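Written out below as structure tokens is the structure these notes cover.
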Amino acid sequence: MKWLSFFRTIQAKVIIIYVLLILIAMQLIGVYFVSAMKNSLISNFTTDLQERAELMSVLAAKTLAGTDPDEDPVENLQVMVNNLFNLDGAEIQVLDATGKVLTTSVSSHADYVNTKNTQTVVSRALQGISDNEENIIDADGIRKKVVAKPVIHNGKNVGAIYIAASMSELYETMQWINNIFISGILLALGLTAVLGVILSHTITHPIKELTRHARAVAEGRFTEKTPVFGSDEIGQLSQTFNYMTSRLREALAQNEEEKEKLASILTNMSDGVIATDEAGRVILMNRRAGQMLGVEGEELAGRDIGSLLGLEDPEAELLARGGVSDFKLLEITPREGGQPFMMRVTFTPIHRREIGITGTIAVLQDVTEQEKLEASRREFVANVSHELRTPLTTIKSYTEALEDGALDDKQMAPRFVSVIQNETGRMIRLVTDLLHLSRLDSKEAALRLQQVDIVEMLEDVEDRFSFQMQQKGVRTVIDIKPGVSTAMLDRDGIDQVLDNLISNALKYTPDGGTITMEAAITDNSMLSLSVADTGIGIPKKDLDRIFERFYRVDKARTRNMGGTGLGLSIAREIVRNHGGTISLQSELEKGTKVTFTLPLHVEGGETT
């Protein structure tokens, strides 16, 4: 298996291709060389035999023609064959015109003498054809080259020369050449394989380093650098890879920084954010959204946003299709209980190029206070309109009555004028209170601080209301706790607070009741002033709204008593400007106690 994996590597492929190229090239060269060598040797061998046969035919022409009667032709021919043309592994025969063998160079073939040689080349030669040759294999399996030449004397064919030479030596030479060539091929292939290993190593080693560092980059290790082994293409690739790694590290660092910024923004923003996929399933929700929906810490991945927000099925389906790009006001009730609150949810589809809508972003805003402020504003406008409309209607009615003749009525005219004056005074008080509240809201009413004797201030308040209290038979108690002496206050503002509280206490305390004014120093060194009565009290359901502007527990009764519904609101703003707090405790039919605390030394304002 290990070898199989090795042969799949680039190194093995380079070595194999390199060796195969050398092998194919040398095979082509070898085939051409051996073939050319073989043809050359055979051609030279054949030419040599033909030249010998030609020379023998010339020398044997006179002898075969019988021109010298004193000579023995057979003996002369035998001498020529034995002495002049002795070839290793070759047989030379001299034939007469009939094809009969006269002599042979091979003594073992003496029985061939006086027999006819019937080979084709001999027949052709006796016919006068000079170019006669062929390859044969004898009875011993030896390859031989056969050449036959006609012997011509005075234009007459008087015989033939027959030469049969063994080609074993030639083929042994060829085999030797082949062995040398094969040895050269094997040696060349061995050297080629070694050079291929070295060459492939120079290519594959940088690639292996690149692969290793690419794996390290994929695992997040961007500090490692690929070694550069040269300035060739692979070296340039290594340099480019190192540059790409550095740029990728910078891009990922920047992306991580942006991701952390986004996560920090999502975590700490005051609005809730929910991201969904194209099917409306939650894929991301920040901490604020979890707090608002009461699902903080729960696993919400894959949950449907429609069920999470309590949307109806058609709305949820429209949201999943990205068809909602507006906002909705939802009333949410926390899981762990508590007061329901209003939430504004803004849906924005997420678009991706060439894909379309891939999800939705829902931004959740707690608009409970805004809705309350808006409701308060509407109620305030309605109350102001109502408070002004009632006296104006009364004034208009009585003015019209005076115009219609009531002015001449000595009894009705003064009464009508008195009502008009009362209603006008009521409107003046309302406008004055509104202007006062406006100055307090806009911080235009600067505090005029002075050292105030608390006991003296409470006694002055008692003196101002002593006549009304005597009329109703209400008893006044001033309770000064130890440590109370003086404080830096805006005397006029605190007097107005106390006047409003005493006025309310007088209105709602029955005859013979008691109003108690108390002054004390709290544990955190604050001046605590309180006004308690034994009046009718306030229902528990109205306690949270008692300091709202124009809010009345019993609207008809309060209006008849001349109240504008702004007294406690003004008192709260004055106390807040001093840096203090005001609170109210009340129990129905048992009385009410209003307490406000003030710092002994108020910062800011004008000192007088």
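The values are calculated or read from the model by the stated rules, or taken from the named source; none is laboratory data. Predicted model, so just to flag it, every value in this text is computed and none were measured. Cβ sites come from the backbone with ideal geometry, for glycine too, and all protein chains shown count toward neighbours. Calculation scope for accessible area: heavy atoms of the full protein, side chains included, ligands and nucleic acids excluded. Shrake-Rupley method; radii C 1.70, N 1.55, O 1.52, S 1.80 Å.
Would you mind stating whether A263 is of a type in the set (A, V, I, L, M, F, W, C), within 18 Å of the chain's Cα centre (by Cα) and either at pLDDT 85 or above or crowded, with 16+ Cβ neighbours inside 10 Å (or both)? So A263 fails the test. Checked against (1) out of contact with any Leu (no Cβ under 8 Å at 6 or more places or on another chain); (2) within 19 Å of H601 (Cα to Cα), Q471 passes all but a single condition, namely (2). For the range 454-504, the set of residues classified as assigned to a helix (DSSP H, G or I), of a type in the set (D, E) and touching a residue at least 12 places away in the same chain (Cβ under 8 Å) consists of E459, D460, E462, D492, D495, D499, listed by residue number. Every test in (1) touching a residue at least 40 places away in the same chain (Cβ under 8 Å); (2) small (G, A, S); (3) within 14 Å of Q93 (Cβ to Cβ) is passed by S168 save one, and that test is (3). Residues in the range 282-297 that are open to solvent by 80 Å² or more (accessible area, probe 1.4 Å) and within 20 Å of M343 (Cα to Cα): L284, R287, Q291, E296.
A search for C-beta distances below 6 Å between a residue of the range 281-294 that is without any contact (Cβ under 8 Å) to a residue 24 or more places away in the chain and any residue that is open to solvent by less than 90 Å² (accessible area, probe 1.4 Å) and not in a loop (DSSP other than H, G, I, E, B), counting only pairs 6+ apart in sequence or on different chains, returns L284/A275; M285/I274; N286/L266; N286/T267; N286/V273; R287/T267. Could you list all residues from the range 117-142 that are crowded, with 17+ Cβ neighbours inside 10 Å and of a type in the set (V, I, T)? Answer for the range 117-142, where residues must be crowded, with 17+ Cβ neighbours inside 10 Å and of a type in the set (V, I, T): V121, V122. Here L64, L55, L95 are screened, and the one residue that is outside any helix (DSSP H, G or I) and either at pLDDT below 85 or not β-branched (V, I, T) (or both) is L95. All of (1) open to solvent by 90 Å² or more (accessible area, probe 1.4 Å); (2) touching a helix residue (DSSP H, G or I) at 6+ places or on another chain (Cβ under 6 Å); (3) of a type outside the set (A, V, I, L, M) hold for N39 with one exception: (2). Taking the stated definitions as given, is R491 of a type outside the set (F, W, Y), surrounded by 14 or more Cβ atoms within 10 Å (Cβ to Cβ), modelled with pLDDT under 85 and more than 60 Å from the chain's Cα centre (by Cα)? So R491 does not fit the description; no. Selection of the range 505-519 for residues being closer than 15 Å to V594 by Cβ and either outside any strand (DSSP E or B) or open to solvent by less than 20 Å² (accessible area, probe 1.4 Å) (or both) yields A505, L506, K507, Y508, T509, I515, M517, A519.
Picking from residues in the range 521-544 that are among the acidic types (D, E) and in a helix (DSSP H, G or I), the one that is nearest to the chain's Cα centre (by Cα) is D544.
Applying the criterion of being farther than 17 Å from R212 by Cβ and at pLDDT below 80 to the residues of the range 224-249, the residue that is least open to solvent (accessible area, probe 1.4 Å) is G230.
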